[in-house]
Structure formats: structure tokens, C-alpha cells
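**Q** Structure provided below as C-alpha cells; questions to follow.
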Amino acid sequence: MTPTPTGRLFRTDAGSDLVLTRTFRALADDVWASLTEPERTARWFGPWEGEAAPGRMVKVQMVFEEQGPWMEVRIDACDPPRRLALSMVDEAGTWRMELVLSEVDGETELRLVHHLSTEEGIGEVGPGWEYYLDMLVASRAGAPLPAFDDYYPSQKAYFEGLTTVD
């Protein structure tokens, strides 16, 4: 499998936004459940535990990463089934992102917006999000999950090329 990268980069006053989208033939409520219910997130990203609410922290296990690490994720905003804003801090820095859903005629578009304070490392970050979003697509369809090796390093140059565009 050779997936095609879809990410786009937009400059903002605070840095840059890396935006990736996927479209589902499903109602927003159903796609929202895939993003927020622990047993469903476990299928494509990892399970989470804790009391989910704006301003609270939950623990998420990244089961598809080496050694399946747990990380704390802050829920910055939650407007079901339209918008979920999250932030986390790890050795790579601070990650701020939003998952935004819009539904029209039974189709739902998911926009993952990763708010970047720097574009350094986008060649690693972009392929990772492509992989996880395709994991979501496959898990919802009951299809075989993709392999990360199909995304990285083959998509690295694409994402690094986005940084030269104004």
C-alpha cells in the first residue's frame, strides 16, 4: 500500500496549522463516538481512562507506538459532536490540536488541526497523523489496519516541502 499524503499547512498569527481531513458516510454522532469512546478509540489510537470534561486530564495509551506509552491529555474544549480540542506535553514539546466535525446529508468530514508553534519535525508529525487517520478509517470499515512503514519515511519529503510554501 502506498497512501497519498493529504495534509495542508496554513500560516496563522500563532504559528502554523497542519490540517488533515477524512470523510465518512456516517452521521457526526457516530464519527464522534469513534473519537471519544474508549472502546472505539482503542481500535485505532488507543484506549483512554479518566473523567472526560473540559479542563480535565485523561490518560491515553498509544498502543500503536513502540512500548505502548501512556500520556496525559488535557481536554481544552468539548462541543459534541462538533469539536474536541486537546493538548498534551511530552519530550517532543507541547501538542495542541482540534478535531472538528461537519455533517452534510449523512456525510461527515473530520478535520484534524494540529496547531504548530514550529514547523520543525513536520516531516515526522505529518506522516504520523496520516497513519492514525487511516487507522480510524480502517477501524470503522472493519478493514485491515495500515502499517506505519507505508507512511514513514516515504511521506517525510511531502510534509517537509509544505514548509517552503508561503
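The values are calculated or read from the model by the stated rules, or taken from the named source; none is laboratory data. Given the structure is predicted, the values throughout are model-derived calculations rather than measurements. Methodologically, a virtual Cβ is constructed for each residue, glycine included, from the backbone with ideal geometry; neighbour enumeration extends over all protein chains shown. Accessible surface is based on the protein model in full, side chains and every heavy atom, while ligands, DNA and RNA are left aside. Shrake-Rupley method; radii C 1.70, N 1.55, O 1.52, S 1.80 Å.
**Q** Please calculate how many Å² of accessible area segment 7-156 carries per residue, with a 1.4 Å probe and no DNA, RNA or ligand atoms counted. Working shown, then result.
**A** Working: 7840 Å² over 150 residues.
Result: 52 Å² of accessible area for each residue.
**Q** Give the separation of the Cα centroids, segment 25-69 to segment 91-111, in Å.
**A** One Cα centre to the other: 13 Å.
**Q** With charges only on Cβ, +1 for K and R and -1 for D and E, what is the dipole size of the chain about its Cα centre, in debye, rounded to 20?
**A** Values: 15 positive and 29 negative charges, 51 e Å.
The calculation lands at about 240 debye.
**Q** From the backbone phi of segment 31-43, what are the Karplus-calculated ³J(HN,Hα) couplings (6.51 cos²θ - 1.76 cosθ + 1.60, θ = phi - 60°) in whole Hz, Gly and Pro given as x?
**A** For segment 31-43, the Karplus curve yields 5, 4, 4, 5, 8, 10, 8, x, 5, 8, 5, 4, 6 Hz.
**Q** Contact order normalised by length for segment 118-159, with contacts defined as Cα pairs under 8 Å and 6 or more residues apart; what percent is it?
**A** 55 percent
**Q** Mean separation of Cα pairs under 8 Å and 6+ residues apart, divided by the residue count of segment 1-155: what relative contact order is that in percent?
**A** Here the relative contact order equals 25 percent.
**Q** Same structure, new question: With unit charges on the beta carbons (Lys and Arg positive, Asp and Glu negative) and the dipole taken about the Cα centre of the chain, which residue among Pro146, His115, Thr23 sits farthest to the positive side?
**A** So the residue we want is Thr23.
**Q** Could you tell me which of Pro5, Leu133, Cys78 has its Cα farthest along the dipole of the chain towards the positive end, charges placed at Cβ (Lys, Arg +1; Asp, Glu -1), taken about the Cα centre?
**A** In the chain, that residue is Cys78.
**Q** Okay, next question. Hey, what number do you get for the chain at 222 nm if only DSSP H runs of n ≥ 4 count, each worth -39500 (n - 2.57), divided across all residues, to the nearest 500?
**A** Taken over the chain, the calculation gives -7000 deg cm²/dmol.
**Q** Can you list the HN-Hα couplings for segment 135-140, worked out from phi with the Karplus curve (6.51, -1.76, 1.60; θ = phi - 60°), rounded to whole Hz and with x for Gly and Pro?
**A** 4, 4, 4, 5, 5, 6
**Q** Enumerate the amide H contacts of Leu116 below 5 Å, restricted to partners 5 or more residues apart or on another chain; note that Pro and chain-start residues carry no placed amide H.
**A** Ser16, Asp17, Leu18
**Q** For segment 47-123, what percent of Cα pairs sit more than 16 Å apart?
**A** The calculated P(r) of segment 47-123 puts 60 percent of pairs beyond 16 Å.
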